[in-house]
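A.B. asks: Got a structure for you, written out below as structure tokens; questions coming shortly.
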Amino acid sequence: MKHLVYLLEPVDERALKELPTERFEVIPAGDHPADFTAVRAIVVRGKEQVDRALIDRCPGLKVIVRNGVGVNNIDVDYATQRGVQVLNVPGLNAATVAEHTLGLMLLLVRGMYRLVNEVKAGNWDYRLEYAAPELRGLTLGIVGKGDIGQRVAAGAGALGMSVRHSSRQPGDRAQGYRELPELLAECDVVSLHLPLTDGTRGMIGADALRQMKAGSYLINTARGELVDGPALLAALQSGHLAGYASDLMVSGDAATVRQLVAHPNVLITPHAASLTELTFYELSERGLRHVAEFLDGKPIGEEYRVNRI
């Protein structure tokens with residue numbers, strides 16, 4: 001009997017073709033199983049929710065795989081209660097997210113998006129009005145010194161930036177370490193690279209934004225909920241914060257979100273940092289390999305296990 005694999009979101013077609021068809025049947029994204037009780041695996045990315053209701057609807061569910069790192073869209077506690085293994089795919093998107101972070105930094109701080117828009121509007125003479133800081137000589141603060149944060153730090157150093165970091169892990173307090181308030185006050189650019197937890201949700205709120213250096217920039221390619229949307233809007237409107245760039249939708253009520261998205265000093269991309277062709281394939285391939293190996297009874301490395309079953 002084939003294992004039924006339910007895709008809540010699309011995966012790379014090349015990776016899908018590598019899943020043995022003699023042992024696995026796949027329900028593609030957008031379709032629904034005729035019999036939810038037959039589902040043995042659910043594969044999800046970062047948008048769709050694997051909540052208690054869906055887990056209950058699939059009583060034969062054995063494994064949930066997140067093709068990425070963060071599992072905020074999965075009810076891990078309930079999956080654990082039900083004896084369902086949750087697996088993720090850490091590390092594979094570090095390079096592309098770091099690239100995206102540096103790209104956003106260049107676009108925002110150098111005002112490069114304005115240059116492009118003015119030329120497209122026929123205003124070649126905008127070059128006579130252009131003035132912007134260089135990254136060279138600025139100080140970058142990395143909040144969260146994981147794989148992505150370290151790659152961003154290396155890239156920023158190559159561009160001539162001084163780098164500081166703040167980490168919640170005592171072992172990361174090496175050269176350049178600053179407590180968060182000191183880092184915020186010292187750095188020209190602050191880049192967030194933390195998971196979303198009860199302790200980090202809304203950590204960049206009104207107090208933290210006031211602590212930031214006047215005229216500084218904030219970059220967020222981690223989780224949108226790390227930043228308080230209304231406080232962010234107020235800091236931008238007052239001019240205390242020079243700009244904000246993110247790969248995630250901002251938090252806040254609908255009116256706040258609209259104003260932030262439309263703000264001339266805000267750049268937001270649609271959670272696409274990991275969607276390069278290479279990384280999308282690698283995430284899809286590793287996630288589907290997790291499904292096959294787990295359901296075939298093969299060992300899964302502890303680094304991929306989100307919960308203990």
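The values are calculated or read from the model by the stated rules, or taken from the named source; none is laboratory data. Please read all numbers here as calculations on a predicted model, not as lab measurements. For neighbour counting, all protein chains shown are included, and Cβ atoms are generated from backbone atoms with ideal geometry for every residue, glycine included.
A.B. asks: Which residues, counting only those in the stretch 76-104, are farther than 19 Å from Gly46 by Cα and assigned to a helix (DSSP H, G or I)?
C.D. replies: Once the filter is applied, which keeps residues that are farther than 19 Å from Gly46 by Cα and assigned to a helix (DSSP H, G or I), the stretch 76-104 yields Thr80, Gln81, Glu99, Leu102, Gly103, Leu104.
A.B. asks: Taking the stretch 261-294 as the region of interest, how many residues are out of contact with any Leu (no Cβ under 9 Å at 6 or more places or on another chain), small (Gly, Ala, Ser) and at pLDDT 95 or above?
C.D. replies: The number of residues fulfilling the criteria is 1.
A.B. asks: Separate question: Looking for something touching a Ser or Thr at 6+ places or on another chain (Cβ under 6 Å), surrounded by fewer than 19 Cβ atoms within 10 Å (Cβ to Cβ) and more than 15 Å from Tyr304 (Cα to Cα) - is there at least one such residue anywhere in the stretch 69-92? Spell out the reasoning first.
C.D. replies: Start the filter on the stretch 69-92 by keeping residues that are touching a Ser or Thr at 6+ places or on another chain (Cβ under 6 Å), which leaves none.
No, because not a single residue in the stretch 69-92 is touching a Ser or Thr at 6+ places or on another chain (Cβ under 6 Å), surrounded by fewer than 19 Cβ atoms within 10 Å (Cβ to Cβ) and more than 15 Å from Tyr304 (Cα to Cα).
A.B. asks: Count, please, the residues in the stretch 113-137 that happen to be under 25 Å from Thr269 (Cα atoms) and touching a residue at least 12 places away in the same chain (Cβ under 8 Å).
C.D. replies: Total satisfying the criteria: 10.
A.B. asks: In the stretch 105-123, what residues are part of a helix (DSSP H, G or I) and either at positive phi or in contact with a Ser or Thr (Cβ under 8 Å, 6 or more places away or on another chain) (or both)?
C.D. replies: Scanning the stretch 105-123 gives a single hit, Met105.
A.B. asks: How many residues, within the stretch 46-66, are within 20 Å of Glu293 (Cα to Cα) and at pLDDT below 95?
C.D. replies: Summing the residues that are within 20 Å of Glu293 (Cα to Cα) and at pLDDT below 95 in the stretch 46-66 gives 0.
A.B. asks: Sticking with this one: Quickly run through the stretch 138-152 and pick out the residues that are surrounded by fewer than 21 Cβ atoms within 10 Å (Cβ to Cβ) and either at pLDDT 95 or above or in a strand (DSSP E or B) (or both).
C.D. replies: Matches in the stretch 138-152: Leu138, Thr139, Arg151.
A.B. asks: If you go through the stretch 245-253 one residue at a time, do you hit one that is of a type in the set (Val, Ile, Thr) and closer than 19 Å to Tyr113 by Cβ?
C.D. replies: Yes: the stretch 245-253 contains one or more residues that are of a type in the set (Val, Ile, Thr) and closer than 19 Å to Tyr113 by Cβ.
A.B. asks: Taking the stretch 287-309 only, how many residues are under 18 Å from the mean Cα position of the chain (by Cα) and in a helix (DSSP H, G or I)?
C.D. replies: Start the filter on the stretch 287-309 by keeping residues that are under 18 Å from the mean Cα position of the chain (by Cα), which leaves 287, 304, 306.
When the remaining residues are screened for being in a helix (DSSP H, G or I), the result is 287, 304.
Final tally of qualifying residues: 2.
A.B. asks: Residues of the stretch 185-225 being within 20 Å of Val250 (Cβ to Cβ), touching a Lys or Arg at 6+ places or on another chain (Cβ under 7 Å) and not in a loop (DSSP other than H, G, I, E, B), which ones?
C.D. replies: Glu225
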